[in-house]
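Computed from the coordinates by the stated procedures, all read-outs in this text should not be read as laboratory data. Quick caveat, the model's predicted, so the values are computed rather than measured. All Cβ positions, glycine included, derive from the backbone under ideal geometry; neighbour counts span all protein chains shown.
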Amino acid sequence: MAGKKKTRPFVTGLVVLGLVGTSGFLTLELRKRDDQGVTEVRDIGVLDGAGGKAEPSATKGAERWTRHENPARSVLRGADGRVEAVLTDGARTAKLTGPARTFAEPASTASKVSTTDWVRLMPEPWVKGAEKQKWFKEWYAEFAGSTEDDLFAFAYQYVAGARQQKDEQGVAFAGDANFGPLNTSGAEGGDLRLEQSDFYDYLGIPYPFRNGSVGKPDALRARSLDCSGYMRMVLGYRARYPLRATDAGGDGLPRTANGMARSKEGVNVLPLAGIREEDRPTAIDQLQPGDLVFFKLDKRTGQRLDHVGMVLGHDTEGHLIFISSREEINGPTIGDVGGVSRLDGNGYYAKTLRSAKRL
């Protein structure tokens with residue numbers, strides 16, 4: 001199917017408070033679904049949501065901190081027992097409880113993720129006892145219950161139909177993103193679209209990295225983000241997690257899915273055991289919203305992991321859903337095109353999952 005143009009359907013972006021828009025019909029073929037058995041289903045229902053600032057769960061000073069393992073983390077609960085924050089040792093991403101939201105993409109999937117989870121980047125990696133430190137107290141006071149854009153809001157600003165947003169310099173930093181240009185040469189084994197579209201290609205501006213190198217945008221890849229470029233846009237350019245220019249040494253998020261998975265960044269929630277099908281991790285209940293998940297999709301890439309996405313949460317049927325940028329639908333999606341976006345069961349992506357990391 002190389003060189004054959006596929007039309008990307010229009011869908012609404014972030015749908016808040018259960019309001020889901022409608023959209024056109026899909027014109028893309030679904031990848032043949034294998035056995036869709038489910039390892040675990042939890043009926044979480046649809047959250048109504050009330051918007052605005054989250055209601056405090058208890059009076060000031062009534063919160064309770066507890067410690068947990070696998071992975072080592074601190075959990076903050078209110079006096080009513082509700083989890084208000086989950087903070088993992090060695091990670092900068094924090095899962096906070098806030099107003100309910102519903103994420104949907106009706107043109108490409110019936111899945112809806114209704115959640116009170118908000119995932120934000122802390123200024124420092126979490127360590128045991130950091131709740132007593134000044135930096136955390138100030139950060140938490142600012143973001144507890146906040147509706148300011150978080151990682152999920154950033155991520156949904158690039159799905160099909162997302163509204164274009166520009167900064168003060170006129171640079172479009174958000175809006176409907178492609179995966180990459182059509183492969184008209186038949187190269188790369190006949191892939192429909194070419195990879196290697198990073199965040200600065202989407203932006204169309206040079207980007208200076210900390211090692212002194214400069215990322216130079218390719219006009220052919222304008223408004224495009226491949227799977228790892230999409231994660232670098234959300235976590236790096238938007239949330240300000242440090243970025244490497246390549247997969248080479250140094251600190252920061254590497255360029256490729258394989259580089260990210262094998263780097264020392266963050267915490268390995270599902271350690272990489274290998275790339276074979278029998279190396280598929282089984283303890284996916286350890287995953288939480290915001291985790292990066294890594295896949296082995298293509299035999300042509302040898303020992304390399306070749307796809308990355310971000311855990312969004314459980315949909316209203318209890319399936320664990322992730323978002324990623326894919327060539328089949330030409331951009332970021334939680335859709336079913338090219339395989340359902342479930343991490344549980346025995347679908348395409350569930351069977352090709354190999355590891356996960358919490359940055």
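Report ³J(HN,Hα) in whole Hz for each residue of segment 139-146, in order, from the Karplus equation J = 6.51 cos²θ - 1.76 cosθ + 1.60 where θ = phi - 60°; Gly and Pro get x.
Karplus-based 3J(HN,Hα) across segment 139-146 equals 5, 5, 4, 6, 10, 4, x, 5 Hz.
What is the order of Glu84, Glu138, Glu131, Glu168, fewest Cβ neighbours within 10 Å to most?
Glu168, Glu138, Glu131, Glu84
Hey, what do the phi angles of segment 318-328 turn into as Karplus ³J(HN,Hα) couplings, whole Hz, using 6.51/-1.76/1.60 and θ = phi - 60°, x for Gly and Pro?
Values, residue by residue: x, 7, 7, 10, 10, 10, 7, 9, 9, 6, 4 Hz.
How long are the semi-axes of the ellipsoid equivalent to segment 280-359, from square roots of 5 times the Cα gyration tensor eigenvalues, in whole Å, largest first?
Working through the eigenvalues yields semi-axes of 18, 15, 12 Å.
Quickly rank 227-236, 100-109 as a protection proxy: mean count of other C-beta atoms within 10 Å, highest first.
Going from most to least packed, we get 227-236, 100-109.
Note the per residue figure in Å³ for the convex hull of the C-alpha positions in segment 292-333.
Cα-based convex hull of segment 292-333, divided per residue, equals 86 Å³.
Once you have the Cα-Cα distance between Glu69 and Arg210, take 0.36 nm times their residue separation minus that, and quote the gain in nm to one decimal.
This chain segment gains 47.3 nm when fully extended.
As an exercise, take the mean of 1/r over every pair of distinct alpha carbons in segment 71-179, invert it, and state the Kirkwood radius in angstroms.
15.9 Å
Summing Lys, Arg as +1 and Asp, Glu as -1, what charge do residues with Cβ under 10 Å from the Cβ of Met260 carry, Met260 excluded?
Residues close to Met260 contribute a combined charge of +3.
Using the reciprocal of the averaged 1/r over all distinct C-alpha pairs, how large is the Kirkwood radius of segment 267-306 in Å?
After inverting the mean inverse Cα-Cα distance, the result is 11.3 Å.
Which ³J(HN,Hα) values in Hz, rounded to whole numbers, follow from the phi angles of segment 225-231 under the Karplus curve 6.51 cos²θ - 1.76 cosθ + 1.60, where θ = phi - 60° and Gly and Pro get x?
Running phi through 6.51 cos²θ - 1.76 cosθ + 1.60 with θ = phi - 60° gives 9, 6, 4, 6, x, 5, 5 Hz.
Taking the Cα centre of segment 239-315 as origin, work out the dipole magnitude from +1 charges on Lys and Arg Cβ and -1 charges on Asp and Glu Cβ, in debye rounded to 20.
Approximately 360 debye in magnitude.
Check Gly215: other-chain or 5+ apart residues with amide H under 5 Å from its amide H, H built from backbone geometry?
Tyr207, Phe209
For q values of 0.14, 0.22 Å⁻¹, compute log₁₀ I(q)/I(0) with the Debye formula on a Cα-only model of segment 190-306, without solvent.
-0.64, -1.34
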